[in-house]
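Chemist: Mind having a look at this structure? Questions to follow.
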Amino acid sequence: MTITIYHNPRCSKSRQTLALIEGQGIKPDIIEYLKNPPSEAELETVLTKLGKEPAELLRTGEDEFRQYFKGRDLSRAEAISLMVQHPKVIERPIVVNGDRAAVGRPPESVLDIL
């Protein structure tokens, strides 16, 4: 089964998570999600695998969060659409293995799904 990491190479936690996965002898598919954002359907699938709502996967310190999310009562579909349009607000890294996923914060949290 292929393991996928939604990765931001500028993020230390993302780099640490990728190194942890590779240290397990696994060569994951790497998606630099800021360059290639997931589609709405892909993000919906990832959220389902994580067992999370969109609000639980938002980086609240980002300017885009304050501009597009803060103080707004968004439906799930609206939040996902905005996350795809502004991927910088998506928490990272996210690792997907089959029907399971984990956020690599801390990096060791992905070990359970490898």
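Computed from the coordinates by the stated procedures, all read-outs in this text should not be read as laboratory data. The structure displayed is predicted, hence computed values, not measured ones. Here the Cβ is made from the backbone with ideal geometry for all residues, glycine too, and neighbour counts use every protein chain on show.
Chemist: How high is the relative contact order of the chain? Use alpha-carbon pairs under 8 Å, at least six apart in sequence, and give a whole percent.
Modeler: 37 percent
Chemist: Here's a follow-up. Report the charge-dipole magnitude of segment 1-56 in Debye, nearest 20, computed about the Cα centre from +1 at each Lys and Arg Cβ and -1 at each Asp and Glu Cβ.
Modeler: 320 debye
Chemist: If the only charges are +1 at each Lys and Arg Cβ and -1 at each Asp and Glu Cβ, what is the size of the charge dipole of segment 22-109 around the Cα centre, to the nearest 20 debye?
Modeler: Rounded to the nearest 20 debye, it is 160 debye.
Chemist: Here's another thing I want to ask about it. Based solely on its DSSP helices, what 222 nm [θ] is calculated for the chain when runs of n ≥ 4 H residues each add -39,500 (n - 2.57) and the sum is averaged over all residues, nearest 500 deg cm²/dmol?
Modeler: It comes out at -10000 deg cm²/dmol, rounded to the nearest 500.
Chemist: Any chance you could list P(r) for segment 3-113, counting all Cα-Cα pairs in 5 angstrom bins from zero, rounded to whole %?
Modeler: 2, 13, 24, 25, 19, 10, 4, 1, 0
Chemist: Where the centre of each part is set by its Cα atoms, how far does segment 1-39 sit from segment 59-114, in angstrom?
Modeler: 14 Å
Chemist: At a 10 Å Cβ-Cβ cut-off, how would you order 1, 83, fewest neighbours first?
Modeler: The order, fewest Cβ neighbours first, is 1, 83.
Chemist: While we're on this one: Can you compute the FRET efficiency between residue 76 and residue 22 using 1/(1 + (r/R0)^6), with r the Cβ-Cβ distance and R0 = 35 Å? Round to the nearest 0.05.
Modeler: Efficiency, rounded to the nearest 0.05: 0.55.
Chemist: Shifting gears a bit: Build a GNM of the chain with springs between Cα atoms under 10 Å: which of 71, 98, 51 gets the top mean-square fluctuation?
Modeler: Among 71, 98, 51, the largest GNM mean-square fluctuation belongs to 71.
Chemist: On full extension of the chain, what length is gained from residue 36 through residue 55, given 0.36 nm per residue of separation minus the C-alpha to C-alpha distance?
Modeler: Extending this stretch completely gives an extra 4.7 nm.
Chemist: Would you mind telling me the antiparallel percentage of the DSSP bridges in the chain, rounded to 5? Could the numbers behind the result be given before it?
Modeler: Working: 9 of 13 bridges.
Counting DSSP beta bridges with both partners in the chain, the antiparallel share is about 70 percent.
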